[in-house]
There are 2 protein chains.
Amino acid sequence: MATGRTHRPATRSRGIPEATVARLPLYLRALTALSERSVPTVSSEELATAAGVNSAKLRKDFSYLGSYGTRGVGYDVEYLVYQISRELGLTQDWPVVIVGIGNLGAALANYGGFASRGFRVAALIDADPAMAGKPVAGMPVQHTDDLEKIIEENGVSIGVIATPAGAAQQVSERLIAAGVTSILNFAPTVLSVPDGVDVRKVDLSIELQILAFHEQRKAGEEAAAAGTGPVAEAAAGAGTGTGTGAAPAAAVEPPAGRAAAAAAARKGGPEGDVPAVMPA
Amino acid sequence: MATGRTHRPATRSRGIPEATVARLPLYLRALTALSERSVPTVSSEELATAAGVNSAKLRKDFSYLGSYGTRGVGYDVEYLVYQISRELGLTQDWPVVIVGIGNLGAALANYGGFASRGFRVAALIDADPAMAGKPVAGMPVQHTDDLEKIIEENGVSIGVIATPAGAAQQVSERLIAAGVTSILNFAPTVLSVPDGVDVRKVDLSIELQILAFHEQRKAGEEAAAAGTGPVAEAAAGAGTGTGTGAAPAAAVEPPAGRAAAAAAARKGGPEGDVPAVMPA
DNA sequence: CAATCTTTGTGCACGCGTTCACAAAGACAT
DNA sequence: ATGTCTTTGTGAACGCGTGCACAAAGATTG
């Protein structure tokens with residue numbers, strides 16, 4: 001899950017739990033696929049499988065929206081697509097601006113998944129004067145100076161920040177001052193925003209780090225299950241302060257990246273008394 | 001939150017709660033910033049603010065790792081950076097492959113946040129023969145035919161999928177068969193993978209949809225607070241089945257009605273066959 | 001029309017995650 | 001050395017989310 005909630009104390013928005021809201025787009029995607037195959041109805045079981053969730057959870061989620069199913073039959077695909085779209089607010093047009101047209105910003109500008117969901121890229125904005133006027137995704141990049149004007153003229157309420165981390169806070173402040181009340185933040189920074197503004201963040205590096213954690217754990221378990229070898233011994237020796245935590249870390253040693261991994265493992269050796277130098 | 005967990009029933013990985021693991025990278029980022037400013041120690045309060053979380057939560061998170069703080073003083077920045085890095089497995093080298101070098105894949109390849117966290121892009125892979133050999137981020141794109149060979153030779157255990165939705169499942173199967181056990185999926189599809197394989201997904205469109213939901217809600221509340229106008233009237237009139245849910249949603253609903261709205265929802269192009277550019 | 005079968009909608013219990021609040025621990029001043 | 005002050009680490013309570021299991025509802029069949 002590349003998503004990260006931010007602020008908003010999971011406040012149950014008018015009865016619909018946050019967790020349910022987060023799954024609605026998932027259901028919608030599965031339903032749209034069914035709709036395209038002209039499937040008239042689905043059971044909660046089928047749809048749940050397609051969306052990758054539990055069927056009981058799905059039924060409970062739908063129960064928050066109302067009773068749109070027919071017992072003994074299932075759900076009408078078209079009708080459900082409509083209901084969820086309406087609930088999510090996708091039956092209206094949402095103009096968005098993308099600020100920071102680097103590699104990622106350009107990729108977002110070219111992304112087809114926005115338009116198909118009611119989102120319209122109203123403008124691309126970048127601080128680099130050299131970018132101004134250059135076409136990206138068939139649309140001229142505009143300069144940051146005009147940010148406020150663009151927001152107001154297009155009635156933009158959703159902004160996407162794809163700038164470097166250093167610029168993100170300032171950009172968010174300008175966006176908010178100009179009227180934006182929802183921000184999707186790709187910059188690796190915590191944005192501080194006033195109440196009433198929603199921020200969701202996507203941090204690619206964080207997702208990878210979470211995967212690395214589990215990967216390391218898996219490797220550690222494998223090593224442990226493989227019986228006692230020199231590796232396991234080393235792990236046991238290192239485990240002093242952290243208790244359970246120490247073992248997997250030392251036992252990781254993947255069959256890959258031999259030299260590099262060995263060097264890394266060596267540096268992390270004895271519990272805690274290492275310079276602890278971490279590149280940013 | 002662009003992330004979505006997948007599978008893995010929130011199994012508390014060796015004592016450390018999933019929720020805590022997901023926040024460790026956040027703390028690490030904040031700590032790294034402090035480290036660069038040569039700040040020697042931080043209190044839980046300061047660090048929590050920098051990471052955008054509650055200080056009690058932060059302390060509890062750290063308590064799962066061990067007792068690394070000093071009462072009355074706080075935490076030693078360098079030492080904590082090291083401990084968290086070690087816990088996350090970032091003290092070793094993680095070779096990753098990126099499959100699908102469209103706009104997003106290229107953006108990921110150029111993304112600096114990987115290398116700085118112990119992740120090394122070992123190869124870029126694309127199915128388009130025309131892409132083969134073309135340099136992206138100073139690295140030649142390789143053809144899908146060599147996928148298995150690349151995975152094995154580099155000991156890759158983490159794969160990033162940035163292909164169109166239609167290709168994602170097949171790509172994941174090949175990655176897994178070749179030895180990959182963790183996947184970061186940017187394609188807008190539910191991947192079905194065997195036990196023991198971790199999948200995390202990032203769906204840009206889903207994030208925007210969640211923002212739209214809250215945005216709509218805010219607009220609805222405003223309208224309601226603004227007193228009764230033609231809008232509020234229409235909302236009241238349209239509110240039939242959803243109960244409380246109907247009001248805000250109906251306020252933005254076009255006069256079109258059921259058929260048109262359903263058609264609009266349908267318009268979203270074929271789910272899977274995105275222009276081979278950017279999944280989501 | 002009655003019996004059967006399918007599938008929804010939900011009451012309930014359980015577990016994870018969050019937050020509060022405070023005692024224990026250590027630094028620092030006197 | 002003693003006292004004060006700061007900040008950690010955590011026990012306990014609470015709330016949200018999940019999953020089970022089943023009654024109710026409706027379709028379908030004879």
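The values are calculated or read from the model by the stated rules, or taken from the named source; none is laboratory data. Everything quoted here is computed from the prediction, not taken from an experiment. Please note: Cβ atoms are built from the backbone with ideal geometry, for glycine as well, and neighbour counts cover all protein chains shown. Keep in mind that these areas ignore ligands, DNA and RNA; they rest on the heavy atoms of the full protein, side chains included. Shrake-Rupley method; radii C 1.70, N 1.55, O 1.52, S 1.80 Å.
Find the relative contact order for the range B:155-194 and round it to a whole percent, using C-alpha pairs within less than 8 Å whose residues are 6+ positions apart.
Normalised by residue count, the contact order of the range B:155-194 is 54 percent.
Scaled to the compact-protein estimate 2.2 N^0.38 Å, what is the alpha-carbon radius of gyration of the range A:94-202, rounded to two decimal places? Please list the in-between numbers first.
Working: Rg = 12.5 Å, N = 109, 2.2 N^0.38 = 13.1 Å.
Here the Cα radius of gyration is 0.95 times the empirical estimate.
With every protein chain present, what accessible area does residue B:23 have (1.4 Å probe, heavy atoms only), rounded to the nearest 10 Å²?
The value for residue B:23 is about 50 Å².
If you take the square roots of the eigenvalues of the alpha-carbon gyration tensor of the range B:129-180 and sort them as a ≥ b ≥ c, do you get rounded (a/c under 1.5), prolate (a/b over b/c) or oblate?
Verdict is oblate for the range B:129-180.
Which length gain, in nm to one decimal place, applies between residue A:73 and residue A:143 when the Cα-Cα distance is subtracted from 0.36 nm times their residue separation?
Additional length available on full extension: 19.7 nm.
Rounded to the nearest 0.05, what FRET efficiency is calculated for residue B:128 and residue B:221 with R0 set to 60 Å and r the Cβ-Cβ distance?
That pair, residue B:128 with residue B:221, gives E of 0.80.
Accessible area lost on pairing B with A, both sides, 1.4 Å probe, Å² to nearest 100?
9500
For the cross-link pairs A:134/B:201; A:57/B:218; A:57/B:201, which exceed 24 Å when the distance is taken from alpha carbon to alpha carbon? Intermediate values should be presented prior to the final figure.
Values: A:134/B:201 32 Å; A:57/B:218 27 Å; A:57/B:201 20 Å.
The answer is A:134/B:201; A:57/B:218.
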